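Following: one structure in structure tokens, then a few remarks.
The values are calculated or read from the model by the stated rules, or taken from the named source; none is laboratory data. Note that the structure is a prediction, hence the values are computed from the model and not measured. All Cβ positions, glycine included, derive from the backbone under ideal geometry; neighbour counts span all protein chains shown.
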Amino acid sequence: MADIQQFDNFISVAFGMKITVDGLQDFVSESLITTHREIYKKFSLGNCMLNCSRKYGHAFGKWCTVCIDWKNDLKKLNRYKNHWDRINWKEIDTIDFPHSFEEMAKVFVQDFKSVRQEVLKDLGALMSLFKNLKKYNGMFSDQTIDNVKRMRNKNFAHNYTVFLHEVEKTQSIDILITLLRVPEIRTTESSKKAIANLEYLKLNLRTPKELLQQPSAELVLTSVQQLTESSPNQIVRVFFQQRFGNMLTIRHEGSISDNIIKKRDNRKSCRLLYLPLVIFIILLVWIATVIYGQFSSFYEEHEG
Ligand SMILES: [Zn+2]
């Protein structure tokens, strides 16, 4: 019989994955920027005017030289032929390659279209990138990546019970820590912070308040809420309400106060509309005072 503790274990793993994605950011962006710069230096002259990939897809013969140069150089960095042959070019914007390392990275991410958030903010997408971009091959083993992928699918994405045993929680978090402890990653600031948070998460039975207060917490809870709603186990919805009902109320009130702020801003703009009228009245009063002043001195002179 599953209990609320097992639901809490599931929540901890969900938070653990988000912490890991945040922890990988320094490493991922630094290494992708380096790769991007190396290619950019070669082809810094000229820009694509057509967005060849979207326009022509796999008909590479019609692509402009800039897009072809980028594609050919990226192909050299790709590890698996299978992956390369299946890239859906119509969903990539080669026109953005010269100024976006994120767009360039999509080439190495399998099914990036299914990622709802930004590609580099998704754990599954990052694992795909690590596997397909050759430069990461020497940095960490395929097993490290496969363990993360398997854990994510089994314990989170395809876990329709929305429950986890204590042992599964600990194993999952250990797998994430192993990834962040890879020598090239562990020296980055974002990774150090993430490892500390994961250790903290492992020791606590429930999600620590500090983690719930972080801006990304809402993202995690929303994804968990979606999973609980599709779960055949009715009790998880009660558990979710019990643990995060208050937070959802706060979020709801938050949206109400957002509306108030919007109205406040509208009022401000209304006030701004009145401003010319106010200036006009002040000007009118001033002119009247000056004229009256002249007349009064005129009368004073003549009366005097
Ligand atoms: Zn082009």
#### Entry: Unmet criterion (only one of (1) at pLDDT 95 or above; (2) under 18 Å from the mean Cα position of the chain (by Cα)) for Lys192
(2)
### Query
Scanning for something of a type in the set (Asp, Glu) and touching a residue at least 40 places away in the same chain (Cβ under 8 Å), does region 61-71 turn up at least one residue?
no
### Task
Could you tell me whether region 15-32 includes any residue that is within 26 Å of the chain's Cα centre (by Cα) and within 16 Å of the ligand (Cβ to nearest atom)?
no
### Message
Quick check on Asp69: is it over 26 Å from Leu176 (Cβ atoms) and among the acidic types (Asp, Glu)?
### Response
yes
### Query
Quick one: would you say His36 is away from the ligand (no atom under 13 Å from the Cβ) and free of Cβ contacts under 8 Å to residues at least 60 places away in the same chain?
no
### Task
Run Lys262 past the list (1) modelled with pLDDT under 65; (2) over 26 Å from the mean Cα position of the chain (by Cα) and report the number of the one that doesn't hold.
(2)
### Task
Please go through region 48-76 and pick out each residue that is within 12 Å of the ligand (Cβ to nearest atom), surrounded by 12 or more Cβ atoms within 10 Å (Cβ to Cβ) and in a loop (DSSP other than H, G, I, E, B).
Cys48, Leu50, Asn51, Trp63, Cys64
